[in-house]
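Student: One structure, pasted below without further comment.
The values are calculated or read from the model by the stated rules, or taken from the named source; none is laboratory data. Remember, it's a predicted structure, so these values are computed and weren't measured experimentally. Cβ: placed from backbone, ideal geometry, glycine included. Neighbour counts: every protein chain shown.
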């Protein structure tokens, strides 16, 4: 004979996992996320790649700037010499012959005055910046040439110095990927937040449905309320874990596939890399870093997700047991919702100084730890004992919250009518069953 | 089969004393009706019997042992407010509820099939519960109560909301369960249903038992103090009888009246008054009072006693 918690766990898990909604959400959510991030970039890229734009007429009063401007403009900005009057040019722009016309006064070469670009349509932040830089570079080069500045000085002016960040580790120094890891930490922190919140809501809704359909009366005439609560929380947690692991595998697969796929679009020659260079070398030369997620980080992310979920889910269940409709739960939700939100408010602080006192202390507070400890672990090397200690505190707190929650729950499921105040809810903890 | 004993049980919720020193016994092979108006403490008492709550004082024993998870497995409970998991399929739902009662999956599946067939519902097994009509859901609910072959059955307001076909079905089930010597408890505020089905009654009011015993004995104890008349003609004589303080009329329609004799009025006096007034008399009977009258009597008495003690 099986234990009631196991029977409830199995039923809660199976009835959710095999639903169409779950399968679709699990498979489509990553596609949706990628689309959300990738599509704007793709669209911007397509908009910039407007080589079919109309040419730009240039009124070059100096008569010396146009050729080098044309050379610089390339395919993207096609500059042509203006042959008509200004009025006629304006008409041509309106008629769509030119996308605009650019006036370069002769005084530019004396370092005075400014160029003016006339066009019919506004918009295009990137276009503005590119135009600005094209004209600036062209004028600067021409003036340097006019002054017969030595080539050495010209190259000094053209150069810019960059700083490479490297991180010292026990294994020697390596490329510092703070930015990449901040991004990873950010994504992981938000993933845990949303996962805890959404799966917690599932638990709450499950409890409310059971109560408002009154089927709970039959169930608790068969098993202890605690067993029902525990089976439900664990069953939905297992569903969440399946979903998270599926997504993790999909992301890992996508990252593994990203390199070879990108290679198809990159011509090694254009980055001065040998055609037979390794994938890393080419991508590195192209300035593309494909983040690699350490397995231990994924492991701890899953563990902290699980801990955080259990901690909060039991509280969501307690709130759910007190009401008959989801809407009535709103006011009782704040004590659960606010601790979950606080870590998000300090994300910036932790990213800036992951080993600072505030970050360290916050990452040991059980209600915040699931989000903040994972963020810290992504950003910096957190000692294993710290991870274990913080997670153990989360686990211990779960024992406390499930105890409190089950005491509220076993009273709440029999309470119908007006939803209780928070004060009443807390008083239920002291009730005898 | 075994006896259920509720022994000096108390239960308080906050400031409300829901159950105050309640005792009664339910014997196997008999149906005990627990009666009382809403708020009398019936459901609170049932929750202690089902081990959903625990008495503050006193004890509930079944088969000689205090109730607990072990007795829950032998218990079939049809709650007043009924409900099922809406999005589970019927078969799956029943098998799950059966497993919660400690049945093995195979056993639960076989019993589910048996009962679905018996209720001519085998075709619904793969339907979602909320696709069923209300009457069909009620049948599924009965099956959930009986699936694990319980020896102790509790029906809380079992007929409320049932369509006539399911009412008859449930009545047949309850009588069949009684023949099998099971212990059956039936809570209701509908007196006429209790009169039809119960062997024993336990009247509750304000958290206390005000009357307990075998239904027949209780009725005899109150004597044949009730008259039923059926007639054709003017019914004004009924008002005169009542105005004179000779009777109190419980139910009255154009051609029929049921009344209680008061102040030593003899049945014959009522017969004479009736014959004088009506065109035709076709029914005259002296009977025991209906349970609803006994209830009003007993509860009215306790309430007035209470009022006196408060005044004192």
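Student: So residue B:9 ticks every box in (1) surrounded by fewer than 16 Cβ atoms within 10 Å (Cβ to Cβ); (2) within 14 Å of chain A (Cβ to nearest Cβ); (3) in contact (Cβ under 8 Å) with a residue 12 or more places away in the chain but one. Which box is left unticked?
Tutor: In the conditions (1) surrounded by fewer than 16 Cβ atoms within 10 Å (Cβ to Cβ); (2) within 14 Å of chain A (Cβ to nearest Cβ); (3) in contact (Cβ under 8 Å) with a residue 12 or more places away in the chain, residue B:9 misses (1) alone.
Student: Please verify whether residue B:39 is touching a strand residue (DSSP E or B) at 6+ places or on another chain (Cβ under 9 Å) and either more than 14 Å from chain A (Cβ to nearest Cβ) or surrounded by fewer than 23 Cβ atoms within 10 Å (Cβ to Cβ) (or both), treating the condition exactly as stated.
Tutor: Numbers: touching a strand residue (DSSP E or B) at 6+ places or on another chain (Cβ under 9 Å): yes; either more than 14 Å from chain A (Cβ to nearest Cβ) or surrounded by fewer than 23 Cβ atoms within 10 Å (Cβ to Cβ) (or both): yes.
In short, yes.
Student: Sticking with this structure for a sec: Would you tally the residues in the range B:175-195 being modelled with pLDDT of 90 or more and under 13 Å from the mean Cα position of the chain (by Cα)?
Tutor: Number of matching residues: 4.
Student: Can we say residue B:113 is surrounded by fewer than 17 Cβ atoms within 10 Å (Cβ to Cβ), touching a helix residue (DSSP H, G or I) at 6+ places or on another chain (Cβ under 8 Å) and more than 11 Å from chain A (Cβ to nearest Cβ)?
Tutor: Values: surrounded by fewer than 17 Cβ atoms within 10 Å (Cβ to Cβ): yes; touching a helix residue (DSSP H, G or I) at 6+ places or on another chain (Cβ under 8 Å): yes; more than 11 Å from chain A (Cβ to nearest Cβ): yes.
So residue B:113 passes the test.
Student: Kindly state which helices (runs of 4 or more DSSP H) lie completely within the range A:346-421 and contain at least 3 residues that are within 14 Å of another protein chain (Cβ to nearest Cβ). Please lay out each step first, then the result.
Tutor: Working: elements: A:347-352, A:357-362, A:369-379, A:384-412.
Counting at least 3 such residues, we get A:384-412.
Student: Of (1) farther than 21 Å from residue A:311 by Cα; (2) within 14 Å of another protein chain (Cβ to nearest Cβ); (3) in contact with a helix residue (DSSP H, G or I) (Cβ under 9 Å, 6 or more places away or on another chain), residue A:205 satisfies all except one. Which?
Tutor: Exception for residue A:205: condition (1).
Student: Looking at B:183, B:226, can you tell me which residue is over 21 Å from residue B:45 (Cα atoms) and in contact with a strand residue (DSSP E or B) (Cβ under 9 Å, 6 or more places away or on another chain)?
Tutor: B:226
Student: Any idea which of B:29, B:39 is out of contact with any helix residue (DSSP H, G or I) (no Cβ under 9 Å at 6 or more places or on another chain), assigned by TED's automatic domain parsing to the domain that holds residue B:195 and assigned to a loop (DSSP other than H, G, I, E, B)?
Tutor: The conditions single out B:39.
Student: Do any helices (runs of 4 or more DSSP H) entirely within the range B:103-197 hold 3 or more residues that are over 27 Å from residue B:215 (Cβ atoms), and if so, which? Walk me through it before giving the result.
Tutor: Details: elements: B:105-118, B:134-146, B:164-179, B:191-197.
Passing ranges, in order: B:105-118, B:134-146.
Student: Among the residues of the range B:71-99, write down those that are out of contact with any strand residue (DSSP E or B) (no Cβ under 7 Å at 6 or more places or on another chain) and more than 7 Å from chain A (Cβ to nearest Cβ).
Tutor: B:73, B:90, B:91, B:92, B:93, B:94, B:95, B:98 - these are the residues of the range B:71-99 that are out of contact with any strand residue (DSSP E or B) (no Cβ under 7 Å at 6 or more places or on another chain) and more than 7 Å from chain A (Cβ to nearest Cβ).
Student: Within the range A:187-202, is even one residue in contact (Cβ under 8 Å) with a residue 12 or more places away in the chain and either in contact with a strand residue (DSSP E or B) (Cβ under 8 Å, 6 or more places away or on another chain) or not in a helix (DSSP H, G or I) (or both)?
Tutor: Checking the range A:187-202: not a single residue is in contact (Cβ under 8 Å) with a residue 12 or more places away in the chain and either in contact with a strand residue (DSSP E or B) (Cβ under 8 Å, 6 or more places away or on another chain) or not in a helix (DSSP H, G or I) (or both).
Student: Further question: Could you figure out which of (1) at pLDDT below 90; (2) within 30 Å of residue A:219 (Cβ to Cβ); (3) surrounded by 16 or more Cβ atoms within 10 Å (Cβ to Cβ) isn't true of residue A:405?
Tutor: Every condition holds for residue A:405 apart from (1).
Student: Just one of (1) touching a helix residue (DSSP H, G or I) at 6+ places or on another chain (Cβ under 9 Å); (2) within 30 Å of residue B:25 (Cα to Cα) trips up residue B:220, so point out which.
Tutor: Going through (1) touching a helix residue (DSSP H, G or I) at 6+ places or on another chain (Cβ under 9 Å); (2) within 30 Å of residue B:25 (Cα to Cα) one by one, residue B:220 breaks only (1).
Student: A further question on this structure: Assess whether residue B:172 counts as being in the same structural domain as residue B:25 (by TED's automatic domain parsing), within 15 Å of residue B:78 (Cβ to Cβ), out of contact with any helix residue (DSSP H, G or I) (no Cβ under 9 Å at 6 or more places or on another chain) and free of Cβ contacts under 8 Å to residues at least 60 places away in the same chain. Write out each step before concluding.
Tutor: On the way: in the same structural domain as residue B:25 (by TED's automatic domain parsing): yes; within 15 Å of residue B:78 (Cβ to Cβ): yes; out of contact with any helix residue (DSSP H, G or I) (no Cβ under 9 Å at 6 or more places or on another chain): yes; free of Cβ contacts under 8 Å to residues at least 60 places away in the same chain: yes.
Against the criterion (in the same structural domain as residue B:25 (by TED's automatic domain parsing), within 15 Å of residue B:78 (Cβ to Cβ), out of contact with any helix residue (DSSP H, G or I) (no Cβ under 9 Å at 6 or more places or on another chain) and free of Cβ contacts under 8 Å to residues at least 60 places away in the same chain), residue B:172 qualifies.
Student: Looking only at the range B:170-186, which residues are farther than 24 Å from residue B:5 by Cα and surrounded by fewer than 17 Cβ atoms within 10 Å (Cβ to Cβ)? Please lay out each step first, then the result.
Tutor: Step one: filter the range B:170-186 for residues farther than 24 Å from residue B:5 by Cα, giving B:170-172.
Residues satisfying the conditions are B:171, B:172.
Student: Among the residues of the range B:49-70, how many are more than 19 Å from residue B:34 (Cα to Cα), more than 13 Å from chain A (Cβ to nearest Cβ) and touching a residue at least 12 places away in the same chain (Cβ under 8 Å)?
Tutor: 2
Student: Out of the residues in the range B:48-60 that are out of contact with any helix residue (DSSP H, G or I) (no Cβ under 9 Å at 6 or more places or on another chain) and outside any loop (DSSP other than H, G, I, E, B), state the one that is surrounded by the most Cβ atoms within 10 Å (Cβ to Cβ).
Tutor: B:48
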